[in-house]
Every structure is written in C-alpha cells, then in structure tokens.
1. Among the residues in segment A:221-242, are any buried (at least 24 other Cβ atoms within 10 Å of the Cβ), away from chain B (no Cβ under 14 Å) and within 29 Å of B:ILE295 (Cα to Cα)?
2. Within segment B:72-89, which residues are surrounded by fewer than 24 Cβ atoms within 10 Å (Cβ to Cβ) and out of contact with any strand residue (DSSP E or B) (no Cβ under 7 Å at 6 or more places or on another chain)?
3. Got a number for residues in segment B:67-104 being within 14 Å of another protein chain (Cβ to nearest Cβ), over 19 Å from B:PRO220 (Cβ atoms) and not hydrophobic (A, V, I, L, M, F, W, C)?
4. Give segment A:22-45 a look and list any residue that's within 14 Å of chain B (Cβ to nearest Cβ), assigned to a helix (DSSP H, G or I) and within 30 Å of A:ALA121 (Cα to Cα), or say none.
5. Here is a list: B:GLY80, B:GLY89. Which entry is over 24 Å from B:GLN260 (Cα atoms), among the small types (Gly, Ala, Ser), in a helix (DSSP H, G or I) and touching a helix residue (DSSP H, G or I) at 6+ places or on another chain (Cβ under 9 Å)?
6. Within segment B:244-279, which residues are away from chain A (no Cβ under 14 Å), surrounded by 24 or more Cβ atoms within 10 Å (Cβ to Cβ) and within 22 Å of B:TYR84 (Cβ to Cβ)?
Amino acid sequence: MEIFLQQVVNGLALASVYALLAVGITLIFGLTGVVNFAHGEFLVVGALIGYSATRLGLPFPFAVMLATLSMGLAGLLIERFLFRPIAAEPIRGFIVSLGLIVALQHIALKIWGGEQQAIDAPLPQILSLGEVRISAMRIVVTIVTGVVLLAFFIMLKRSRWGQALRAIAIDRETASTMGVPVHRYVAGMLAIGTALAGLGGALLLSLFPMSPFSGGTYTIKGFAVAIIGGLGSVSGALIAAVLIGLTEAIASGYFSPAWTNAYAFGAMILILLLRPSGLRGTAA
Amino acid sequence: MSPTASTLTSGVPAQGTLASQSISLAVLAAAFAIVPAVVPSAHLLQLATLALIFAIPAIGLSLLYGEAGQMSVANGALYGVGAYVGAIGAREQLFSFWAGVPCAAIAGALAAFLVGLTALRVKGHYFLIVTFAFAELWRICLVNLKGLTGGNQGVLVLDEVRVPGLGDLHTLAQFYYLALAFVLAASFCVVLLRFSSFGQSLRAVRENERLAVSLGLNAPMVRLAAFAVSGALAGVAGTLYAYTVKHIGPDLFGAHAGIQLVLILLIGGARSPVGPIVGSLIFFLVPEIIALDPISTQIVYGIVLILIVMLSPEGLAPGVSRAVMRYVRGAQPVGTAQPVGGPSGSISR
C-alpha cells in the first residue's frame, strides 16, 4: 500500500507535465491541423535554458519563467515565419516540424553537449505522511501545473477569447468573417502551446536530468496523451495525462522500469483500435 | 485492381512513361558503374555504397509518398527490422545472406502491415503519429530485449556474402556493385508498380479518395499495400546494410532514420526513379565534400529540410530542374510550364 501511494504521488507529478505537453499539441493540431512532432524539443530546450539560468545563479522560479517566456517567443517566431506561409497544407507543416526536430536537437547538442544535465533540487525537503515519503518538489510541480492548466481551461471555456478560439477550431473562415483576427489568435495559441512545453521542461528539470536527446520520448508521450484524450480536446488531454502518468508510475513501481516508455504507446494503440476519436471526441 | 478503378484513374498520369523512367534508370546505372574506377578515395567509395543502400528504403518510401500521397516516419525502423532479421539470422546460423534477404523482405512487409493496420481505421495525421510511435517503440525494444538484440551493443555480423562465380565478397568495390544491383532492382520494381493498375489506384486514392472509394477502390487497403511494399524494400536494404557494415546497433533505426529518409526524398523528389538515389547521394556525400562536422551537418540538414518544404515542396531536384527549364524557355507565355495540378500538387493531404 505504501508503494502504491508513493507511486500515485510520483505519477501525478509526471501526469501534470504530460498534460502541459499534450494541451499544446492538441491545441496546435486543433487550430492549424499541423501534427507538430517538434513539440518535445521545445520542452527539452526550455529545460536546458532553465538549466543554464540556474547555473548562472538565477533563482529557480525565475529560471522557470525565463524558459517559459523564451519558448513562447520561439513559438511566435515559428508560427509567423514557418507555419503561417504554408497554413493551407498541414502536411507541409508536419515536415517542417521534422526539420525542426533535427535542427533544434543538434543546436542544443552544440550548446549544451550530449550529457544529461541536472540541477540540485530547488526544494530538497521530503515530507513524511506515515510511511509515505513525498518530495516537496513533486508537490510543487503538480500544484504549479495544476493551477496553470486550470486557469487556462477556465479561460478557454468561459472567456470571449476562448470562445473565439473554439470558433476558429470549428470553422476558420466563418470565424474570420465574424471579425475574429484569426492569425493573431493562432499565433498567440502556438506561443502559449510552446510556452507550456518550456514550462513543463523547466519544471521537469527539478525532478529528472535532461539531455538534448530526450525530446523524442516526450513528443511521443505528449501525442499518446493527446490521442487518448481525443486530438483537439483539451479536457480529454487532461484526463488522459492523469491516466498515463499514474499507469506509468504504478507499473514502474511494480514491474520493470525499463519498459515504462512503452506503456503510453501501448495504451495509445489500444485506443486507436477501440475508439479512434479518443476518450472525448474531436471538438476543442 | 478492378477495371472500373483503372478507367477511373487513367486521368491521373504518373510523371513520364514506363519507357522514359526505365531509360533514366539505365543511364543512371551506366554512370554509377564507372564510379569505383574514378572515385579518388576508399572513404568516398564507402560513403557512396552506404548512400546506395540507404537509397533503397527511400525508393520504397517514394512509392508510398510520391504515388499514394502518404508520408511515413516508420521506414527507418522498418529498415532496422530487416537489419536485425539478417544479422540475428547470421549470428544464430539460421540462414545465409541470400536466404536472409527474402526473410527480411517478408519481415519488413509484415511489420509495415501490422503497423498500418492500427492506423487503418483512422487516417492521415493519425497514420503519421502511429508510424512515429512505432519507430520509437522499436528502438526501445531493441535496447531492452538484450538477449535477442544485444541491447546497446548491437549485433556483429561475421558471415560473408557469397556470390556464385565470385566466392565471398571482400573488396569495397564488390560491395558497391552489390548495392548498386539491389538499388536498380528496387527502382525497377517500383517503376513497374508505378505504371501498373496498382500504381493508378494509388494515385486515384491520393488525388481524390472519396471519388476512388465511390468507384469501388478500397482506399485504406490500397494505401496499406503500398506501405507493405515500402516495408519489404526497407527490410531488404536492412539486411544488405548489416552484411556490408558488419555491425548494427539500435540508434541507427529510430525515428531519426525515418526523418532522414523524408529529407532524402525531398532532396531528390519522390516521383522519379532517380530522385531517391540522387537524394541519398547528396545526403551522404555533400557534408563530406564540404568537410562539415557531424553536429553542424545535422543542423544544416534540419534547416535544409525546412527550406525545401517552404520553397519547393515537390522536392529540391525537381524544383531546380523546373526553374532551369523555365529559364531556358524564358520567352514562352506564363503557365505552359506548369504541370497538371500545379507545383504544390506533389504534397496532398
């Protein structure tokens, strides 16, 4: 029972980072139709920027903010100069993202080298609840992402801004004729998506080491979560992230951790076979 | 395919004709045959051999992407399926090179079929995601199943390739000609398929899937068949690679290899038989010739891939040759040099 509770807490921290990734993936897909395989690279570059910032003496919260903002800026630039000119053909956006994987991964390799980079835990405390011992950092990560995602979700569902976004996802042209500045919204959304990935990366760095080669695994995890939730559905992505995070943590607590990365793929393939539209349909 | 399907699709021609594509292949073969005699260093010949081997999965992908309009990131992993089938078969003394090649082809086709089956119910972007997931899953399996695959150490291939009349192959030039023979065979298979009724069905599915389905084509099965063919070719190339390089490891065959194949296809163009071969040669030789370090090479590759997609989506070589043609014909009225479907027609869906 102790192992179980312990892994549930560990799983929630993982789940929150997967949710940050998957929300970005699902929104970018919902708004532009682009399958952006470079999303995990933004997480990695964000984490490495956070690493350098901490190394230069910046307090961890500021390093996290720096990583988030710089990835948001990267997202803006990529939307404006790469995705927007070819918006009519999402398959080209997909191939652009393949190029981004290769370029970003090796630029990171050039700057930070191929080793795993880690920082000292910003909060080294361990909380004990009876037999269950929980690292304070994991709780902070879970809470921070939880608050960010909740705020985002409420904005998406309740604000005019969120309504406009959903309108774009359903019918771009009609939204445009109704006066929604589509380009600005899509650019803003892409920036938020990549910023969330940067945030996830920087937070993850406080729990695990990160190397330029970690991107692919996170991309796939993010896509698995997004597909299980239903591509385009934010609430589905949140539910699926919790499912996958808990499954991975519990399974690696009881079985071999070497196969942890395979569970998400297995679940994704199962969902594709049984319920192709995911847990929560296709609407944003 | 059914007669309805072929009458329907006669309106979607392939680029060129069976004769013109065969001739361009023959010219290419003649040019490549003299390479070992003129190439200045053994190292370059080795790179050219690797480029030829890696052109084979690109040729398979050119059928899937160029004709059926379906991209895949899994073909690098399917190449790995063939490599491991050939290498493990040799290690366990199960079969020789010549028996390994058909086994690898079957394994590659079967793997592609199973992967494609998952994506059958859904299409387009889901297929891409499934192929990406499969490529990474395959690499995880290679690393973890140490007993079978040697984990990160990979597998050594100690067996030789025995060619009747020549004995065991030893010299670089011999392996070069072996690779060239396989490339030509693979290209010719794809050219024949491109001009068969199967090729017509592929183009019909690419151009207008609903119309194709309404006239009786089973679009998902047609696409799946093309994917299986590309898997078989990738498998054959994998075994050839294992026997040529003598050592394989898991990192060669993940999603990264799949992305490299996409790049090769976009450099050379996906609709001519020489496109993937030329693309692969440029991919392997240009960084060597301009002496770029490996990491910078990869950065440049990433940027080049993006630039090609942004500026000349039908491929670098076709784009350049069209620009040259336009320049040569300069005086002609605007529009005559445009192919059916416009320049962006090569990337649909």
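1. no
2. Taking segment B:72-89 first, the residues surrounded by fewer than 24 Cβ atoms within 10 Å (Cβ to Cβ) are B:88-89.
If the condition is that a residue be surrounded by fewer than 24 Cβ atoms within 10 Å (Cβ to Cβ) and out of contact with any strand residue (DSSP E or B) (no Cβ under 7 Å at 6 or more places or on another chain), then B:GLY89 is the only one that fits.
3. Of the residues in segment B:67-104, 1 are within 14 Å of another protein chain (Cβ to nearest Cβ), over 19 Å from B:PRO220 (Cβ atoms) and not hydrophobic (A, V, I, L, M, F, W, C).
4. A:ALA22, A:ILE25, A:HIS39, A:GLY40, A:GLU41, A:VAL45
5. Values: B:GLY80 fails: over 24 Å from B:GLN260 (Cα atoms).
From the options B:GLY80, B:GLY89, the qualifying one is B:GLY89.
6. B:ILE248
Condition check ((1) crowded, with 19+ Cβ neighbours inside 10 Å; (2) in contact with a His (Cβ under 7 Å, 6 or more places away or on another chain); (3) part of a helix (DSSP H, G or I); (4) facing another protein chain (nearest Cβ under 8 Å)) across all residues:
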{"residue": "A:ALA74", "(1), (2), (3), (4)": "yes, no, yes, no"}
{"residue": "A:LEU77", "(1), (2), (3), (4)": "no, no, yes, no"}
{"residue": "A:LEU82", "(1), (2), (3), (4)": "yes, no, yes, yes"}
{"residue": "A:ILE91", "(1), (2), (3), (4)": "yes, no, yes, yes"}
{"residue": "A:ILE95", "(1), (2), (3), (4)": "yes, no, yes, yes"}
{"residue": "A:VAL102", "(1), (2), (3), (4)": "yes, no, yes, yes"}
{"residue": "A:HIS106", "(1), (2), (3), (4)": "yes, no, yes, yes"}
{"residue": "A:ILE111", "(1), (2), (3), (4)": "no, no, yes, no"}
{"residue": "A:GLU115", "(1), (2), (3), (4)": "no, no, no, no"}
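Condition check ((1) out of contact with any strand residue (DSSP E or B) (no Cβ under 6 Å at 6 or more places or on another chain); (2) β-branched (Val, Ile, Thr); (3) closer than 24 Å to B:VAL262 by Cβ) across all residues:
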residue: A:VAL8; (1), (2), (3): yes, yes, no
residue: A:LEU27; (1), (2), (3): yes, no, no
residue: A:VAL34; (1), (2), (3): yes, yes, yes
residue: A:THR68; (1), (2), (3): yes, yes, no
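The values are calculated or read from the model by the stated rules, or taken from the named source; none is laboratory data. Owing to the predicted nature of the structure, the values given are computational and were not obtained by experimental measurement. Positions of Cβ are generated from backbone atoms using ideal geometry, with glycine treated the same way; all protein chains shown enter the neighbour counts.
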